[in-house]
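Read the structure below first, then the notes.
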Amino acid sequence: MATEIRQASSAWMYRRALRLALNYLIAIAIGIILIFPLLWMFSGALKTKELLLEETVINLIPPLPWQWHNFIDAWTALAFTRFLFNTLVITVASLFGGLLTASMVAYGFARLRFVGRNVLFFIVLGTMMVPMQVTAIPTFLLFHRLGWLNTYLPLIVPMWMGGGAFYIFLLRQYIMTIPTELDDAAKIDGCSPIGIYRHVILPNIGPALAAASIFLFLHSWNDLWGPLIYLTDDNTWTLARGMLTFKRTLAEFRHGGGLRQYQIHWFLSLGTMTMLPVLFIYLVLQRHFVSGVVTSGLKG
Amino acid sequence: MRPSRFRLPPGEAWRENFYGYLFISPWILGFVIFLAGPLLVSLGLMFTEYAGFKKITYVGLANFEELIKFDIRFIGSLRVSAVFAFWTVSLAIIISLAMALLLNQRFRGHTFFRGLFYLPAAVSGVAMTFVWAAMFEKDYGMFNQILRIFDFDRVAWLTSIEWALPSYIIMRLYGVGHYMVIMLAGLQSIPDDLHEAAKVDGASGLALFRHITLPLLSPTIFFLMIVGMIGSLQVFTEGFMLTQGGPARSTLFYVLYLYIVAFTERRFGYASVLAWLLFLIIMSLTLLQFWLARRWVHYESQEA
């Protein structure tokens, strides 16, 4: 009897171990597939152009000497320092404006009982259905009239008006989880809603703000549509906009000057450099990232 | 009947109204200036010919006539976007479900793998698109290097009519981690005791998945379908950067075509028609999904 149980349990444990090993094997395989393109990029960025153009076999270890100057060459081929500066100004200003106004609006919708609140919040959600391309032309004409083309303003000012329905929704959901007793206590102490927003709500929505700031950052950092339409003067270009022209110049080169003119090593080193800040922020804030996706995703 | 609400004293009610509208005023401003206003203007622009800066001509229904009768590029772009959206969303849902089921096993290190699987979705963007261009190169790109290992012929990924669109689908699927994270959260919201109860009743793994996991996960899948479809109908950056619609318009995505009409050809009137049509398509798809969902989506509360 006892041996029977022991045999049964060892068979069970054996199956369990097998299953665990299989889980790891599949997970590692998927991980390798997903990380492989990034490794290919990193390693390619350190190779010479000649090598890259002749390589037909996968080789993730660049031969010595590693071509670190690819990074400098690609960076100085166009005014990328200027583009980086523009990108940072636009990103920081929109991030700040988006966080400030989205949290204000979210607080209003989550806590204050004003006439028409439900209808207006329904409209907020409805605006998520409107593709930005529908409003693009009139908005372009508006910014043209205002003389804002080729300034940072078209990319920043709209973010100071609630930042977008997605962020309002994300933050409202989070504010709803804060106990209202905290508000009431502050109210009894004589706080106005402005005081409650500053002293009760803001200090308590850190994780949601972190999640929102990641998405806001990625949005501004990667945006191509806006810079393409509003910024025609290369003094105001962002990194994304600058890289695009870089690629085009190369394509034109390619038609005129043949394949050898094609600067594939610069592609890879520029790609690496533009990706590094994103990668860094992701690794630092990963937890908030995932929770942000989940909150915004599930409650929808 | 709405449940009776707690009534505030008059002074208090005024105060709440005042502060409420004060706090949401940025959104109201943005809504009027950047959404409602432009929507109305582009509604009007549909009946005009307008190149931007000088004169604007009323053309009646000519733009609509052109759209229906003469525009081959429009029909083509609609087809390209539909095919792209269909394959991207269905493949992404299947793959992300498999990945989420794997990570839901909660083995040691599953959070590490979750972070790893999401990483590509985080780094996607202009920089990554740039790198895709190199990876899809015919002579020395990563994909053809891999094919060579298995002795397959080279594929002209972005430069052949039959492979260009599938290349974009592969690109999109690289960001499948985004779907996975949401799918995983959906799985984790399924109470464990349901599985336990079914196991006690002798249900096999497959039956468990089919009769418990899948029905309870259907709201999540449904949500991902809507969001994924709307997102992939609006794809622009990759197409604009890599192929600009070619070869032979096989990757002329709808929004890419819209951009070309509006900002390259400067036909704001006609582009407004295209934009409004996109809006209507997205809206009706969303409504259709909601309607279909009533038939097969299981919501917890309906059972009670």
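The values are calculated or read from the model by the stated rules, or taken from the named source; none is laboratory data. Being a predicted model, the structure only gives us computed values, none of them experimental. Note that we place each Cβ from the backbone using ideal geometry, even for glycine, and neighbour counts take in every protein chain shown. These area figures cover heavy atoms from the full protein model, side chains too; ligands, DNA and RNA do not enter into them. Shrake-Rupley method; radii C 1.70, N 1.55, O 1.52, S 1.80 Å.
Just a few scattered comments:
- A:Ile61 exposes around 120 Å² of accessible area when a 1.4 Å probe is run over every protein chain in place.
- Over segment A:78-262, accessible surface divided per residue gives 41 Å², non-protein components excluded, 1.4 Å probe.
- Within 10 Å of the Cβ of each residue in A:279-290, the mean number of Cβ atoms contributed by other protein chains is 3.
- Per-residue average of Cβ from other chains inside 10 Å of B:38-46: 4
- Value of Rg/Rh across chain B [Cα atoms, Kirkwood radius]: 1.06
- Percent RCO, i.e. relative contact order, over chain A, from Cα pairs under 8 Å lying at least 6 residues apart: 30
- Across the accessible surface of segment A:78-262, with the other protein chains kept in place and a 1.4 Å probe, carbon and sulfur atoms take up 66 percent.
- Under the combined filter of DSSP loop state and at most 15 neighbouring Cβ atoms within 10 Å, segment A:1-105 retains these chymotrypsin sites (Phe, Trp or Tyr not before Pro): A:Trp66, A:Trp68.
- Accessible surface computed residue by residue for segment B:1-147, with neighbouring protein chains in place and a 1.4 Å probe, gives 52 Å² per residue.
- Contact surface B-A: accessible area buried, both sides summed, square angstrom, 1.4 angstrom probe: 8700
- Rounded if a/c under 1.5, otherwise prolate or oblate - segment A:24-123, Cα gyration tensor axes: oblate
- Relative to one another, the C-alpha centroids of segment B:102-136 and segment A:28-56 are positioned 16 Å apart.
- Distance between the modelled labels on B:Leu292 and B:Ile94, one decimal in nanometres: 1.6 nm (7 Å Cα→Cβ projection).
- Mean Kyte hydropathy of 0.5 or more with a Cα span along the axis of at least 18 Å, helices from DSSP in chain B: B:72-103, B:110-123, B:161-173, B:214-233, B:268-296
- Three-way shape label, segment B:136-269, alpha-carbon gyration tensor, a/c 1.5: oblate
- Note on segment A:2-69: with neighbouring protein chains present and a 1.4 Å probe, carbon and sulfur make up 73 percent of its accessible heavy-atom surface.
- Mean Kyte hydropathy of -1.0 or more with a Cα span along the axis of at least 27 Å, helices from DSSP in chain A: A:2-45, A:80-111, A:264-298
- Computed E for B:Lys55/A:Val89 - FRET, C-beta separation, R0 51 angstrom, nearest 0.05: 0.90
- Overall form of segment B:25-182 per C-alpha gyration tensor (a/c, 1.5; a/b vs b/c): oblate
- Between A:Leu283 and A:Trp68, residue separation times 0.36 nm minus the direct Cα-Cα distance comes to 75.0 nm.
- Counting, for every residue in A:29-39, the Cβ atoms of other protein chains within 10 Å of its Cβ and taking the mean gives 5.
- Computed from the C-beta positions of A:Val119 and B:Ile75, the FRET efficiency with R₀ = 22 Å rounds to 0.05.
- Sequence ranges B:183-194, A:165-176, ranked by mean other-Cβ count within 10 angstrom, highest first: A:165-176, B:183-194
- Rounded to whole Å, sorted largest first: equivalent-ellipsoid semi-axes of the protein assembly as shown, Cα gyration tensor: 38, 38, 25
- Loop-located chymotrypsin sites (Phe, Trp or Tyr not before Pro) in segment B:85-164 whose Cβ has at most 16 other Cβ within 10 Å (DSSP): B:Phe107, B:Phe150, B:Phe152
- Counting heavy atoms of the protein chains alone, B:Val83 has an accessible area of about 50 Å² for a 1.4 Å probe.
- Here the calculated FRET efficiency for B:Asp139 and A:Leu202, from their Cβ-Cβ distance with R0 = 35 Å, stands at 0.05, rounded to the nearest 0.05.
- Fraction of accessible area attributable to carbon and sulfur, segment B:65-169 (%, probe 1.4 Å): 65
- Whole-number percent relative contact order across chain B, with pairs defined as alpha carbons under 8 Å at least 6 apart: 27
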